[in-house]
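Taking it in order: structure first as structure tokens, then the write-up.
Every number here is computed from the coordinates shown, using simple stated rules; none is lab data. Owing to the predicted nature of the structure, the values given are computational and were not obtained by experimental measurement. Every residue, glycine among them, receives a Cβ derived from its backbone with ideal geometry; neighbour counts consider all protein chains shown.
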Amino acid sequence: MSWLSAAFRIGLLLAVAGLLGWHYGQPLWAVAATLFALVLFWIYQMQRVQSWLRHPGQSPPATYGIWGDIISQIYQLQKQGRESSAQLQSTVDYLQASFSSMRDGVVIVDQRGVLKWFNQSAQMLLGLRSTDIGQALMNLVRSPEFLRYFNRGEFGDSLEYRAAGEADAWLRVEITPFGTGDRLLFVRDITANVRMETMRKDFVANVSHELRTPLTVISGYLGTILGDSSKLAPSHVKPLQQMLQQSQRMETLLEDLLWLSRIESEQGMELHNPVDIRALLAELQDELAVAYPQRRLELELATDHKVAGDYRQLYSAVSNLVLNAIKYSAEDSVVKIAWRQQDGAYHLTVSDQGIGIEAVHIPRLTERFYRVEDSRCSTTGGTGLGLAIVKHVAASHGARLQISSKVGKGSAFSLVFPKSARATAAAQISAVAT
């Protein structure tokens, strides 16, 4: 029954009451009594509905008319709500069962960081207890790195940190916001990976260090022998010169490996010393003017912004970019170095007018020993570690390496520092090539 039909019935009932009252000479009293009876009936019906709503387990009261339709619709909505709730709970139970079977830790917290649920793996990795539900996660995980990462609210990158109380335990945490402010945390034990990486770094550093002494001795003797080449047979001079050249190249390679290992070991440490980029570029220009007097270097210093970081690391990164620009461009071309503010960040750009790089090679340029062409190794004398060093320096300073290149026209390598650059973000590489 629609409300219009109910209104028609009420109007008809009042009309009949009025006619009967007019017949007995009391029309107003008859209408008033009828209205009073209707009000009492509606109050009674509302009381029944309210009592039923307060006790959802009870069957709906039997009635008719408009009230029957209202109760029937409420009952159907309740039934649909229970079915939806049951289906949703089934989904939640399935997801929780799936998360519970994962080896990685899974934690759900609300927008205030209060624990809502976690699996057994998270309980072991984070040292949680089953009674911690409803507690603030920040009060339970005693790690300054984790607290800063969680409170910062920027979860584009994962966090790797040493677990509190466990000297050799390392965890990786990834956080994903969902719902109305809730957060889903995935925690993984990466201790084995960190140990393997540490062993690799130590191996490279130790081998490089141990090889320096014999190579220095070999280079020294070769240099001494070639110093008095008049006593040598002509057929021996060229081989000895090549031996000296290769030993010196190996010494340079070892120095780069040791420097790269040092940068990697320092990565993750916060760097606070202000570095004057203008002064750094001026010093680099003076040094290169002596080493490459025939080359033209142009500086564009459009800002005096100082970067929080390590002077030696930044000097090494910029010098590698400039030396690459010199090696892969013509002697009569110009190499430009610019330090300017652009698009809300600070860009340190080294550009050349050289041979350029094809787009397929750009994503791999920062890999160790990766070369666009094998022939470039012998012609330039590089070690293949320059851009790897640049990438790690960028990571240590919260910057990203941006590469743009056009074959036959030249390349531009930029270190892009955000306004609040700190040694917390991993370096990213973006590239544009044609």
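Table for the structure above
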item	result
Selected from THR216, THR366, THR349 as most flexible by GNM, with the chain as the system and alpha-carbon contacts under 10 Å	THR216
18 Å cut-off, amide nitrogen to a point 7 angstrom out along GLU255 Cα→Cβ, residues in region 323-353	323-327
Segments 113-125, 239-251 sorted - mean Cβ within 10 Å per residue, highest first	113-125, 239-251
For region 23-40, Karplus couplings with θ = phi - 60° (6.51, -1.76, 1.60), whole Hz, Gly/Pro x	5, 9, x, 9, x, 5, 5, 5, 5, 5, 5, 5, 4, 4, 5, 5, 4, 4
Hz values of 3J(HN,Hα) by residue in region 236-249 - Karplus curve (6.51, -1.76, 1.60), Gly and Pro given as x	9, 5, 4, x, 5, 5, 5, 4, 5, 4, 5, 5, 5, 5
Distance in nm between pseudo-label sites at ARG148 and GLU160 (7 Å out along the Cβ direction from Cα)	1.7 nm
Correct option for Cα extents along the principal axes in Å [calculated from the coordinates] among [x] 72, 54, 35; [y] 149, 48, 37; [z] 60, 45, 35	[y]
Global form of region 102-189, assessed from the alpha-carbon gyration tensor, a/c cut-off 1.5	rounded
Gain in span if fully extended, ALA302 to ALA33, counting 0.36 nm per residue against the direct Cα distance	87.7 nm
Shape of region 1-153, Cα gyration tensor, a/c cut at 1.5	prolate
FRET efficiency for GLN123 and GLN76, using Cβ-Cβ distance with R0 set to 41 Å, rounded to 0.05	0.45
Table column - 3J(HN,Hα) (Hz), region 134-144, Karplus curve with 6.51, -1.76, 1.60, x for Gly and Pro	x, 8, 6, 4, 5, 7, 10, 9, 8, 9, x
Estimated [θ] at 222 nm from DSSP helical runs (n ≥ 4, -39500 (n - 2.57)) normalised by residues in the chain, nearest 500	-17500 deg cm²/dmol
Set LYS306/LYS406; LYS327/LYS391; LYS327/LYS406; LYS79/LYS116 screened for pairs whose C-alpha atoms are more than 22 Å apart	LYS306/LYS406; LYS79/LYS116
Amide hydrogen neighbours beyond the local backbone of VAL372, cut-off 5 Å, H modeled	none
Distance between region 356-370 and region 169-202 - C-alpha centres, whole angstrom	28 Å
Amide H partners (placed H, <5 Å) of THR63, local residues excluded	none
Net length gained if the chain between VAL290 and ARG312 were fully extended (0.36 nm per residue, minus Cα distance)	5.9 nm
